[in-house]
1. Contour minus end-to-end for Asn29 and Thr144, with contour as 0.36 nm per residue of separation and end-to-end as the Cα-Cα distance?
2. Dividing the alpha-carbon radius of gyration of the chain by 2.2 N^0.38 Å (N being the number of residues), what value is obtained?
3. Can you check how the C-alpha radius of gyration of segment 113-190 compares to 2.2 N^0.38 Å, as a plain ratio?
4. State the percent of C-alpha pairs, over all pairs in segment 167-219, separated by a distance greater than 18 angstrom.
5. Find the relative contact order for the chain and round it to a whole percent, using C-alpha pairs within less than 8 Å whose residues are 6+ positions apart.
6. Can you pull the Kirkwood radius for segment 28-69, inverse mean 1/r over Cα pairs, to one decimal in Å?
7. With the radius of gyration and the Kirkwood radius both derived from the Cα set of segment 146-185, what is their ratio Rg to Rh?
8. Just Thr201, Thr144, Thr87 to compare: in a GNM of the chain, with alpha carbon springs under 10 Å, which one fluctuates most?
Amino acid sequence: MSKTSIVSMHVIRRLPSYYRCLKELQKNNVNKISSSELSEKIGVSESQIRQDLYNYGNFGKQGYGYDVIKLYNALKRILGLDKTYNTIIIGAGNLGQAIANYTDFEEIGFNLKSIFDINPRLFKIKIRDAKIMNINILEDFLATNKIDIAILCIPKDDAQIIADRLTKCGIKAIWNFSPIDLKVPDDVILENVQLSDSLFTLSYRLNEDDLFKRIKKEK
Ligand code: NAI
């Protein structure tokens with residue numbers, strides 16, 4: 001099982017949208033925001049925001065709202081975005097290359113150190129500053145480079161084997177895009193991303209009215 005968190009995952013999953021909103025407000029030189037305005041912008045109730053933030057301290061004042069810069073800085077710290085991280089990508093195919101080419105992650109402190117693949121045709125190609133290397137040297141590389149996060153972008157068949165190799169080398173955080181439920185040790189943080197889940201939710205919502213019309217008719 002992957003490492004469990006102190007705070008509920010439902011709360012944690014709302015924090016990035018709070019952070020994005022505060023970042024935007026700060027960029028637009030807004031100094032203060034009422035809890036109702038913040039609630040409207042984020043689409044989460046005032047009490048939910050208050051409860052979520054209460055896990056981390058006292059933010060906002062009755063009758064004043066929130067100090068934008070203070071809350072932005074606090075959320076940055078809470079999300080660990082005040083630090084930098086070294087990352088590697090496993091799998092230099094379509095997805096791996098797309099992530100490697102996405103410069104925004106670098107700008108917020110996620111530094112891509114290397115990319116690994118099994119396809120010899122890709123070895124030595126560089127994507128921005130990161131060289132694509134043979135997966136055979138993964139252990140040697142990890143023995144001499146401090147890597148915080150591994151990003152898994154390989155077909156599901158090999159994903160568990162690679163995850164095992166990564167965790168044996170001391171990797172403590174895996175951002176997994178492979179469509180498989182990975183088993184990792186209890187002290188490893190596993191974050192799965194499935195774009196298809198979001199697409200299926202969109203498709204559900206597109207069809208929800210018809211679905212309930214049909215259900216009503218059938219009752
Ligand atoms: P791709 O076929 O373009 O790339 C896969 C790459 O992994 C290839 O370069 C291949 O040589 C390499 N590879 C295969 N086995 C390896 C191993 N043992 N070690 C190192 N490298 C290895 O595939 P694509 O489109 O980039 O997708 C990659 C994975 O991501 C697939 O499992 C796909 O299902 C998944 N995916 C997930 C998404 C998500 O939302 N979670 C979205 C798109 C793709």
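Any read-out appearing in this document is the output of simple, stated calculations on the displayed coordinates, not a laboratory observation. Small disclaimer: the values here were computed from a predicted structure and weren't measured. Cβ sites come from the backbone with ideal geometry, for glycine too, and all protein chains shown count toward neighbours.
1. On the way: separation 115, 0.36 × 115 = 41.40 nm, distance 4.37 nm.
Computed gain between Asn29 and Thr144 is 37.0 nm.
2. On the way: Rg = 21.0 Å, N = 219, 2.2 N^0.38 = 17.1 Å.
The reported ratio for this selection is 1.23.
3. On the way: Rg = 12.2 Å, N = 78, 2.2 N^0.38 = 11.5 Å.
For segment 113-190, the normalised Cα radius of gyration comes out at 1.06.
4. On the way: 767 of 1378 pairs.
Every Cα pair in segment 167-219 considered, those over 18 Å come to 56 percent.
5. Working: 277 pairs, mean separation 39.2, N = 219.
Relative contact order of the chain: 18 percent.
6. On the way: mean 1/r = 0.0951 Å⁻¹.
Mean inverse Cα-Cα distance, inverted, gives 10.5 Å.
7. Values: Rg = 9.2 Å, Rh = 10.1 Å.
Result for segment 146-185 is an Rg/Rh of 0.91.
8. In the Gaussian network model the winner is Thr201.
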